[in-house]
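Here is the structure we will look at, set down as structure tokens.
The values are calculated or read from the model by the stated rules, or taken from the named source; none is laboratory data. Note that the structure is a prediction, hence the values are computed from the model and not measured. No Cβ is skipped: glycine too gets one built from the backbone with ideal geometry, and neighbour counts run over all protein chains shown.
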2 protein chains.
Amino acid sequence: MVTMRDVAERANVSIATVSFVINGTKRVAPETRARIEAAIQELNYRRNVVARALASSRTRILALLHPDLESKPNATVIQFVMGAAHGARERGYDLVLWPVNDDEQMSHLLAGGLVDGVLLMEVQIRDARVARLLASRVPFALIGRTEDDDLPYVDIDFATTIHQAVEHLRGHGHERVALVAQQADATTEPGRIMRVESAYLDAIAPLGHPPAVIRVESTSAGGRAAARRLHDDFPEVTAVVLVNEGAAAGLAKGTRALGRQVPGDLSIISAATTRELGEMIEPSLTVMAAPAAELGRMAADALVDRLEGAEEAPPQVLIPCALVPGESVGPPPPR
Amino acid sequence: MVTMRDVAERANVSIATVSFVINGTKRVAPETRARIEAAIQELNYRRNVVARALASSRTRILALLHPDLESKPNATVIQFVMGAAHGARERGYDLVLWPVNDDEQMSHLLAGGLVDGVLLMEVQIRDARVARLLASRVPFALIGRTEDDDLPYVDIDFATTIHQAVEHLRGHGHERVALVAQQADATTEPGRIMRVESAYLDAIAPLGHPPAVIRVESTSAGGRAAARRLHDDFPEVTAVVLVNEGAAAGLAKGTRALGRQVPGDLSIISAATTRELGEMIEPSLTVMAAPAAELGRMAADALVDRLEGAEEAPPQVLIPCALVPGESVGPPPPR
DNA sequence: CTGAAAGCGCTTACAG
DNA sequence: CTGAAAGCGCTTACAG
């Protein structure tokens, strides 16, 4: 292995000077610099990142802390993860995956000193991991939000997204618009659920009709259950905003299985999902595409900004989803 | 930060002895050990992984080297990635994501000394990255295979999978079975394409009919194109084995758009996809579920085995997909 | 502008 | 069974 010492010897300088040119930390005379750069070339030297990390107490590694995603493969999730990985790489950081649910194990990992910062996914309204993170003093950024808004986060702008979805449906003449959201289970209560529901209530208020909210699990079966509940409990509803990626296909299939046409009898917008998902379903769903890759990238970026000492207020970023028209929205059925 | 020195002082031993008990590298007298363990507890000491890495020249970090997955979110991919992350964690290793296409950048990363080993995804038949990896002397394992079979790999057993798919269709009375595979583009030629096609030829040989192979891109549009080609070019075909996850939904939709029923006119098995994908489509697709999470886990495991000095031959693992019946396979239409 | 040297927090022969 | 010490390959005050 070629070390900095080898380079220094070949260029007839001290290792300190080599370090200065590699890192650009101090000005170095042009001819000295040239000698060093030549030596680096000739020896094909590459600085050892571990030694650098130890000496500088900065590893330039970020952790992506997420629950076990194996069980619920969600199309937007991988885009998010890849966005974060790219964002980190572009800033010269590495991203490690920490599939950790156990809050104890998380503290262990944090204390090991491997990472400079943490990206926390699937944030809950009250999230014990946030307290651990705060206690560990390791900088972090959230994907999603907790109850209190003074932590750095990056999130989908659900308010704008839902409003635009409802607006789009109103433009087609719908007045009775339901929301199909995600069911919180005992342990998890993503902040998004709460925010989505309140955005929905806001958005439909001008229509002057009572809200229709259905919560189902994020699976095909959940989607079919939603179709049935819509049919049985809310027959006056002519359009639905869905914020539950896993249930999208089931909702479309279930609706048709009940003899109702999409969009003839029921219009559907699937918010915060991928365009690819929309295309897979029959009829192709009109979606509000989640800016998942951008969010991942921005989360990494924001975290690196903090690590590199940008002293501003904690970054708080909201991005709305973008409407991608499909074939699942039309006028309401004649009464 | 609490260091090993702090622990040593509190326990009245040398830091070497502390290291021995933490790592179990040498036997230590029971009472000494007890003192040290107590000190660790009291100080809540956690060994610094960076210092350990530098001293032992083992970082216990693995890299997952993959192309940009953002563009083609493929449901099995995330399961694979998560499987690898879990597998690594369980062995006490961290997994970093390296979204790298550029083969130059890859060498840079490899030379940095951050990782002990590499997992290489989306392996091509002739893969330049493999040569780089070999040159770098960093141990690795492949997901998929190159032309030559003497490198350590973990892969789907396509031969068995395709045979079982064809067998299943024969059991329903099909004799004319087509293959819809993935189109290789200029730069990528996954080894799987080749292996899938030859497995298909083997599997249908006993049927005594000419093969019908269609290659399309891995998108909904590709799937619709396949439906049309089947209809136009291979009217005698009554069943298809699909090995192209991205095209699955398009094939089903496209077939129906041509006025043909699934499975009434055409039976479909989608191989090497997730069960969730099958459920999303209408009708629910019969799939051969890819053992993606297992493969990821096994790849990580195999790599760690090598790193920890298992001297055996390079691990080569093949796992077939498992049949998950849906509603897309039935008897062939009466002639 | 450059260098000598301490130090980052561990592991690991080597001695005893 | 335990310790003193060298060393992993860098960065970074501090001097000059």
task = Take residue A:258 and decide whether it is in the same structural domain as residue A:191 (by TED's automatic domain parsing), farther than 15 Å from residue A:329 by Cα and at pLDDT 95 or above.
result = yes
query = If you take just the helices (runs of 4 or more DSSP H) that sit entirely in the stretch B:74-172, which of them hold at least 2 residues that are within 12 Å of chain A (Cβ to nearest Cβ) and not hydroxyl-bearing (Ser, Thr, Tyr)?
reply = B:75-90, B:103-111
remark   = Filter the stretch B:17-68 for residues that are surrounded by fewer than 16 Cβ atoms within 10 Å (Cβ to Cβ) and among the aliphatic types (A, V, I, L, M); the one that is modelled with the lowest pLDDT is B:29
note = Across (1) over 30 Å from residue B:220 (Cβ atoms); (2) in contact with a strand residue (DSSP E or B) (Cβ under 8 Å, 6 or more places away or on another chain); (3) of a type outside the set (A, V, I, L, M); (4) touching a residue at least 60 places away in the same chain (Cβ under 8 Å), residue B:150 clears everything bar (2)
ask   = Using beta carbons and a limit of 6 Å, which pairs, at least six apart or on different chains, have the first residue in the stretch B:95-124 and closer than 20 Å to residue B:153 by Cβ and the second one hydroxyl-bearing (Ser, Thr, Tyr) and part of a helix (DSSP H, G or I)?
value = B:110/B:136
query = How many residues does the stretch A:25-34 hold that are away from DNA strand D (no atom under 12 Å from the Cβ) and farther than 19 Å from residue A:3 by Cα?
reply = 2
query = Within the stretch A:118-136, is there a residue that is hydroxyl-bearing (Ser, Thr, Tyr) and under 13 Å from the mean Cα position of the chain (by Cα)?
reply = no
request  = Could you run through the stretch B:184-205 and say how many residues are more than 15 Å from residue B:159 (Cα to Cα) and either of a type in the set (Gly, Ala, Ser) or modelled with pLDDT of 90 or more (or both)?
outcome  = 2
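Taking the stretch B:1-24, which residues are within 11 Å of DNA strand D (Cβ to nearest atom) and outside any loop (DSSP other than H, G, I, E, B)?
Within the stretch B:1-24, the subset within 11 Å of DNA strand D (Cβ to nearest atom) is B:4-5, B:8-9, B:11-21.
Hits for the stretch B:1-24 are B:4, B:5, B:8, B:9, B:11, B:15, B:16, B:17, B:18, B:19, B:20, B:21.
Could you grab me the full set of residues in the stretch B:226-246 that are within 14 Å of chain A (Cβ to nearest Cβ) and either more than 26 Å from residue B:77 (Cα to Cα) or at pLDDT 95 or above (or both)?
Here is the first cut: in the stretch B:226-246, the ones within 14 Å of chain A (Cβ to nearest Cβ) are B:227, B:242, B:244-246.
Selection gives B:227, B:242.
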request  = Of the conditions (1) out of contact with any Lys or Arg (no Cβ under 9 Å at 6 or more places or on another chain); (2) more than 30 Å from residue A:335 (Cβ to Cβ); (3) at pLDDT 95 or above; (4) crowded, with 18+ Cβ neighbours inside 10 Å, residue A:142 clears all except one; give me its number.
outcome  = (3)
ask   = Across the stretch A:25-56, which residue is farthest from DNA strand C (Cβ to nearest atom) among those that are among the basic types (Lys, Arg), touching a residue at least 12 places away in the same chain (Cβ under 8 Å) and in a helix (DSSP H, G or I)?
value = A:35
query = Looking at the stretch B:285-317, which of its residues are within 12 Å of chain A (Cβ to nearest Cβ), over 15 Å from the mean Cα position of the chain (by Cα) and surrounded by fewer than 20 Cβ atoms within 10 Å (Cβ to Cβ)?
reply = none
key: Residues of the stretch B:27-65 satisfying the condition of being more than 9 Å from every other protein chain (Cβ to nearest Cβ), farther than 30 Å from residue B:106 by Cα and charged (D, E, K, R)   = B:27, B:31, B:33, B:35, B:37, B:42
message = For the condition within 16 Å of DNA strand C (Cβ to nearest atom) and under 20 Å from residue A:302 (Cα atoms), what is the one hit in A:137, A:129?
response = A:137
note = The number of residues in the stretch A:234-278 that are part of a helix (DSSP H, G or I) and crowded, with 21+ Cβ neighbours inside 10 Å is 13
Condition met for residue A:178 (among the hydrophobic types (A, V, I, L, M, F, W, C), in a loop (DSSP other than H, G, I, E, B) and not assigned by TED's automatic domain parsing to the domain that holds residue A:304) = no
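Which members of the stretch A:10-22 meet the condition of being closer than 23 Å to residue B:57 by Cα and either more than 7 Å from DNA strand C (Cβ to nearest atom) or touching a helix residue (DSSP H, G or I) at 6+ places or on another chain (Cβ under 8 Å) (or both)?
Residues of the stretch A:10-22 closer than 23 Å to residue B:57 by Cα: A:15-16, A:18-19, A:22.
Residues satisfying the conditions are A:15, A:18, A:19, A:22.
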